[in-house]
1. Among the residues that make up segment 73-82, is at least one of them in the same structural domain as His104 (by TED's automatic domain parsing), more than 30 Å from Ala181 (Cβ to Cβ) and free of Cβ contacts under 8 Å to residues at least 24 places away in the same chain?
2. With respect to the numbered conditions (1) more than 28 Å from Leu182 (Cα to Cα); (2) surrounded by 10 or more Cβ atoms within 10 Å (Cβ to Cβ), which one is the sole condition not fulfilled by Ala55?
3. Give the residues of segment 99-126 that are in a helix (DSSP H, G or I) and buried (at least 17 other Cβ atoms within 10 Å of the Cβ), sorted by residue number.
4. Quick one: which residue in Lys62, Lys83 is surrounded by 12 or more Cβ atoms within 10 Å (Cβ to Cβ) and touching a Phe, Trp or Tyr at 6+ places or on another chain (Cβ under 8 Å)?
5. Within segment 152-160, does at least one residue satisfy the condition of being within 20 Å of Val42 (Cβ to Cβ) and either acidic (Asp, Glu) or under 17 Å from the mean Cα position of the chain (by Cα) (or both)?
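The values are calculated or read from the model by the stated rules, or taken from the named source; none is laboratory data. Computed from a predicted structure; not experimentally measured. Every residue, glycine as well, gets a Cβ built from its backbone with ideal geometry; the counts of neighbours run over all protein chains shown.
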Amino acid sequence: MKKELLSSILLTIVCMVAFSGVYTIIVWGIAQMAPNKGEGFVVSANGKTYYANIAQKFTDDKYFWSRPSAVDYNAAGSGGSNKAPSNPDYLADVQKRIDTFIAHNPGVKKSDIPSDLVTASGSGLDPDISIQGAKVQVKRIAAVRHIPEDKLDNLVTEHIEKPLLGILGPEKVNVLKLNLALDQLK
């Protein structure tokens, strides 16, 4: 029994050192090689600081809307809805988002709404939308801000981010960066 107890204590100490110290230092070291040294992508505008890699809540008609969030854009509580696509509550939430989108974007048909504008991401904090998700909102924003649609189309095109290494992931648009640029338009 004494032998097992000593082995257990030794294993506990080794695991504490390995997982609390060594592993942490390795992850921190890798983060130092990442852009912005693992501190996130900080954007400052109008005296405020934002993180471009965490979704921001935009619901005003004069802005491009973000992807819905299952955690109400709370970065401290990242997570999805955990509801299956066949779940009646989930389907009701999606239908409510579709109805809201159509009410704010007259003339847009249900079939024209990209899924990323009515479904939350797995983390609930996806800062990006598809190019189609941005372009389908142009008409509404142009009407509210009295800006020509082609000028907004060009703004969206300027903010398209290419896939990582040219092959990993889809082309996308960062909503925060796009809306900050939108505020700079005259």
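1. For segment 73-82, residues in the same structural domain as His104 (by TED's automatic domain parsing), more than 30 Å from Ala181 (Cβ to Cβ) and free of Cβ contacts under 8 Å to residues at least 24 places away in the same chain: present.
2. (1)
3. Passing the criteria: Phe101, Asp116, Leu117.
4. Exactly one of Lys62, Lys83 is surrounded by 12 or more Cβ atoms within 10 Å (Cβ to Cβ) and touching a Phe, Trp or Tyr at 6+ places or on another chain (Cβ under 8 Å), namely Lys83.
5. yes
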